[in-house]
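Have a look at the structure below, then the notes.
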């Protein structure tokens, strides 16, 4: 959408910032790859320790990328990409909802509950498209960054609501079955 709204130069700038974020996700993805089979096998285990470690790592990495965006961009891409610094500072915060989103998706899929994942993904894609159409012409690549952050955060919020709703339903059902 950046190419259609702006031009190929802005697409390249956005791609540079996004590449840094995608690289930052590699460690988390490796842990998720190892964690998912255990989640599928032990569906009753909560994996709280792993969630906390991954979330802490995402927060620390986001803060690191935010604080050191300028030298990172300069080292990786050179002075011609200075416009990407503000974008990278914004995109750095995508790592937090990405981590929560991925953990919630994996935990839903591990128990065979794909409905919330499909719903959250559909809403996220709709939000991403709508906000990109609106914000890219107004604010350029930073608008695309905000759209990405908003879509990832919306997906995470939907999955949290589904998880809390399922938790409450399971608790009520369990209490009802014990009382009868």
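Quick note: the coordinates plus some simple rules give every number you see, no bench work behind them. These figures come from a predicted structure and were not determined experimentally. Cβ: placed from backbone, ideal geometry, glycine included. Neighbour counts: every protein chain shown.
Counting alpha carbon pairs within less than 8 Å and at least 6 residues apart, what relative contact order, in whole percent, applies to the chain?
27
Separation between the residue 66 and residue 52 pseudo-spin-labels, each 7 Å from Cα along Cα→Cβ, expressed in nm?
The modelled label-to-label distance comes out at 2.2 nm.
Given (i) 19.0, 74; (ii) 17.5, 60; (iii) 18.9, 71, which label gives Rg and Dmax of the Cα atoms in Å as computed from the coordinates?
Here Rg and Dmax of the Cα atoms in Å agrees with entry (iii).
Sort 25, 49 so the one with the fewest other Cβ atoms within 10 Å of its own Cβ comes first.
Going from sparsest to densest Cβ surroundings: 49, 25.
Take residue 160, project a point 7 Å from its Cα along the Cβ direction, then tell me which residues of the range 28-67 have their backbone nitrogen under 20 Å from it.
Under 20 Å, as judged by backbone N against the label point of residue 160, lie 46-63 of the range 28-67.
What ranking of 23, 32 emerges when the number of other C-beta atoms within 10 Å of each C-beta is taken as an exposure proxy, fewest first?
Ascending Cβ contact count within 10 Å gives the list 23, 32.
Only helical DSSP H runs with n ≥ 4 go in: add -39500 (n - 2.57) per run for the chain, normalise by residue count and round the 222 nm mean residue ellipticity to 500 deg cm²/dmol.
-29500 deg cm²/dmol
Distance in nm between label sites at residue 75 and residue 126, each 7 Å beyond Cα in the beta-carbon direction?
4.3
Please report the spacing between the Cα centers of the range 87-117 and the range 1-43 in Å, no decimals.
The distance from the Cα centre of the range 87-117 to that of the range 1-43 comes to 11 Å.
So for 136, 75, 160, fewest C-beta neighbours within 10 Å to most, what's the order?
Starting with the residue having the fewest Cβ neighbours, the order is 75, 160, 136.
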